[in-house]
1. Do you know which of the residues in segment 403-423 that are surrounded by fewer than 22 Cβ atoms within 10 Å (Cβ to Cβ) and among the charged types (D, E, K, R) is nearest to residue 221 (Cα to Cα)?
2. Assuming residue 306 fulfils every condition listed in (1) touching a residue at least 40 places away in the same chain (Cβ under 8 Å); (2) over 17 Å from residue 258 (Cβ atoms) apart from one, which condition is it?
3. If you go through segment 384-398, how many residues are open to solvent by 80 Å² or more (accessible area, probe 1.4 Å) and within 20 Å of residue 218 (Cβ to Cβ)?
4. Provide a single number: the residues in segment 260-282 that are part of a helix (DSSP H, G or I) and not small (Gly, Ala, Ser).
5. Restricting attention to segment 383-394, does a residue exist that is at pLDDT 95 or above and hydroxyl-bearing (Ser, Thr, Tyr)?
6. Go through segment 260-279 and give me each residue that's open to solvent by 50 Å² or more (accessible area, probe 1.4 Å) and within 11 Å of the ligand (Cβ to nearest atom).
7. In the list 377, 369, 348, 309, which residue meets the criterion of being touching a Cys at 6+ places or on another chain (Cβ under 6 Å) and within 16 Å of the ligand (Cβ to nearest atom)?
8. Quick one: in segment 1-39, of everything that is open to solvent by 50 Å² or more (accessible area, probe 1.4 Å) and of a type in the set (A, V, I, L, M, F, W, C), which residue is farthest from residue 104 (Cα to Cα)?
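The values are calculated or read from the model by the stated rules, or taken from the named source; none is laboratory data. None of the values given here were measured: they were computed from a predicted structure. For neighbour counting, all protein chains shown are included, and Cβ atoms are generated from backbone atoms with ideal geometry for every residue, glycine included. Remember, those area values only see protein heavy atoms, side chains included, never the ligands or the DNA or RNA. Shrake-Rupley method; radii C 1.70, N 1.55, O 1.52, S 1.80 Å.
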Amino acid sequence: MNYLKSTISELKESSPAQTEFYQAVEEVLRSLAPVLEENNYYKKHAIIQRIVEPERQIMFRIPWYDDEGNIQVNKGYRIEFNSALGPYKGGLRFHPSVNASIIKFLGFEQIFKNALTGLPIGGGKGGANFDPKGKSDGEIMRFCQSFMNELYRHIGPNTDVPAGDIGVGAREIGYLFGQYKKLTGRYEGVLTGKGLLWGGSLVRKEATGYGTVYFADHMLTARGENMQGQRCLVSGAGNVAIYAMEKLYQLGAIPIACSDSTGTLYHPQGVDLVAIKQLKEIQRTSLSAYLNIHTDAHFTPVSDYPLNGHAIWQYQADAAFPCATQNEVTTLDAQTLIANGCKLVSEGANMASTQGAVEFFLEAGIAYGPGKAANAGGVATSQLEMAQNASMQKWTFEQVDQQLLQITKDIYQRASDTAKEFGTPGNLVLGANIAAFRRVADAMIEQGVV
Ligand code: NDP
């Protein structure tokens with residue numbers, strides 16, 4: 001795999017210190033070996049060199065006033081990675097860990113995820129190293145307005161359509177949309193995840209979590225099983241995790257643990273989702289407060305996590321749904337999950353598992369759905385929101401949910417069929433990467449060297 005080594009070493013020179021980005025590129029390129037090594041077609045068109053380089057990277061200053069009247073400054077990003085299949089599409093992340101490497105890895109993943117949906121959407125991602133925790137509503141609003149003061153000139157309903165991600169939910173999308181409208185004078189579908197009163201789509205809020213569970217169900221169905229009665233670990237307690245747990249209950253499964261940035265909650269009789277929504281969506285507080293409601297639950301603070309691992313993956317369960325952040329399943333976590341009898345992992349988060357963990361899952365032969373396939377229901381529903389905005393229509397919850405179910409089924413089928421075609425049945429990492437790559441690469445070639 002010479003092209004892999006040379007691409008990574010070129011990236012290390014041209015884009016230094018972007019560890020997460022190299023990891024995402026390496027994971028895709030490893031899967032592409034059977035496509036790249038067997039024929040010269042993609043090589044002749046320099047597709048690898050072109051696809052790892054974003055079409056455009058925007059970095060900007062975000063000055064804003066805090067409640068004490070002090071000026072704060074953050075760093076903003078929008079990476080418009082690839083528009084071969086449609087307008088750039090991908091979320092905005094507000095988290096103190098955000099840097100160019102994180103946004104580039106997310107943007108790179110997004111190209112392939114969006115291609116897998118079969119919908120006309122290109123790949124992009126953005127965000128800021130801003131920590132929304134502990135900020136007042138006024139501070140969040142002023143920050144979002146300042147962010148949009150720069151971003152608005154780069155986005156539009158037919159060019160680049162951002163959505164939410166970690167730290168960016170309905171409240172932030174509202175403030176961002178308001179400022180876009182103020183600056184441009186246009187009321188248009190420039191963001192997805194909008195409020196239901198003003199252009200949002202039903203099911204968008206639930207879509208990533210629901211979709212990740214639908215994807216798990218498709219994987220199990222292919223193995224002659226279903227979600228009924230499965231005991232599940234769901235990391236995170238944000239948008240994706242909450243609606244993954246909701247769908248698990250609807251399909252007869254039992255989420256027994258979840259987590260947040262303060263620690264892991266274990267409630268073997270089944271997590272009380274009403275309490276979780278109250279704590280995380282309304283009060284925006286630590287999961288440890290759950291113990292005030294359910295004294296029989298157990299909470300492990302982050303400081304007590306195992307070295308190189310995470311407390312949530314130490315519990316015995318049938319299925320795992322990583323729905324918090326990247327690299328949250330380490331090799332140690334993967335080994336523990338398998339040793340405890342886990343037979344399915346479906347990633348709500350992007351690049352949730354380290355390379356070592358992924359290899360372990362594949363060798364163990366469990367049902368493993370990589371994030372770019374398993375969580376693509378979110379962006380697919382964003383595209384359904386764009387379609388409703390463009391046609392001035394509003395579809396019912398059931399209409400959108402049925403489309404989401406079908407899209408996740410198609411994604412599963414595409415990844416599964418491609419894995420079979422290349423002689424590795426069940427390897428959805430390889431199947432997803434190759435199926436997505438061919439779609440993007442062929443479109444790039446047809447559109448010429450641009
Ligand atoms: P949220 O901000 O709503 O929730 C994130 C959750 O994960 C929170 O509970 C947060 O804890 C926890 N978390 C975040 N970072 C860390 C960390 N470094 N260590 C421990 N816990 C952490 O984000 P989303 O639910 O929207 O996103 C979760 C994942 O899903 C991300 O990887 C995102 O890229 C991916 N994703 C999201 C989509 C969407 O539609 N929203 C679409 C596709 C993928 P706390 O509550 O304490 O902040």
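1. 409
2. Going through (1) touching a residue at least 40 places away in the same chain (Cβ under 8 Å); (2) over 17 Å from residue 258 (Cβ atoms) one by one, residue 306 breaks only (1).
3. 1
4. Residues flagged as part of a helix (DSSP H, G or I) and not small (Gly, Ala, Ser) within segment 260-282 amount to 9.
5. There is no residue in segment 383-394 that is at pLDDT 95 or above and hydroxyl-bearing (Ser, Thr, Tyr).
6. Matches in segment 260-279: 261, 262.
7. 348
8. 1
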